[in-house]
Amino acid sequence: MSTKRLTRGAIIAGLYIVITYILAPVSFGPLQFRASEALTVLPIIYPEAIPALFIGCLISNIFGGLGLVDIIGGSLVTLVAAYFTYYFRGSILAYLSPVVLNGLLISIYLKVLFDLPYWLTAIEIAASEALVVFLLGYPLIYYLKKRGLDVTL
């Protein structure tokens, strides 16, 4: 991995952590609006974002208060979603990967931790994720590509 990609990955992880903590009151729990999830679309143009998002989520979840299940589970969901975002980078599935995976998987342990109805929780998490991905993430990718800041893959 080049120094440029390593540095970009570190910046992505750092941004994820900072955004999550600036907005901490709405970043954790059963009803969440994690604006840092807008960065989950970055694997579309930056493959190094895959491990960076995992690390950023892992560190954020360590201090998030939901314990080991969120630290491990939430971080692994982010890793898998980032990989699928990269894999499907040429289609709308790239944007849907974090929405669907977070909605379906994060809701499993939020249901248990907070005694919530699974499908309602899944819909709420997916809706929140969709807002962040499509209102912030999609324009971010558009901007980076328009400015020539994307990586040709």
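Rule-based calculations on the coordinates, nothing more; no lab input. Computed from a predicted structure; not experimentally measured. All Cβ positions, glycine included, derive from the backbone under ideal geometry; neighbour counts span all protein chains shown.
General remarks:
- Debye equation applied to the C-alpha atoms of segment 27-87, log10 I(q)/I(0) at 0.23 Å⁻¹: -0.89
- Across every pair of non-identical alpha carbons in segment 106-153, the mean reciprocal distance, once inverted, gives a Kirkwood radius of 12.7 Å.
- The chain: DSSP helices with Cα axial extent of at least 27 Å and average Kyte-Doolittle hydropathy no lower than 0.0: 3-22
- About its Cα centre, segment 7-153 has a charge dipole of approximately 420 debye under the convention of +1 per Lys or Arg Cβ and -1 per Asp or Glu Cβ, with nothing else charged.
- Using the Cβ-Cβ distance between residue 7 and residue 134 with R0 = 25 Å, the FRET efficiency computed as 1/(1 + (r/R0)^6) comes to roughly 0.35.
- Pairs of alpha carbons in the chain separated by more than 29 Å make up 12% of all such pairs.
- Set the Cα radius of gyration of segment 78-147 against 2.2 N^0.38 Å, with N its number of residues, and you get 1.22.
- Only aspartates and glutamates eight or more places from residue 4 in sequence, or on another chain, were considered; those with a Cα closer than 17 Å are 48, 150.
- Over the chain: helical MRE at 222 nm, DSSP H runs n ≥ 4 each giving -39500 (n - 2.57), nearest 500: -18500 deg cm²/dmol
- Farthest towards the positive end of the charge dipole of the chain, among the residues 31, 105, 132, is the Cα of 132, using unit charges on the Cβ of Lys, Arg, Asp and Glu.
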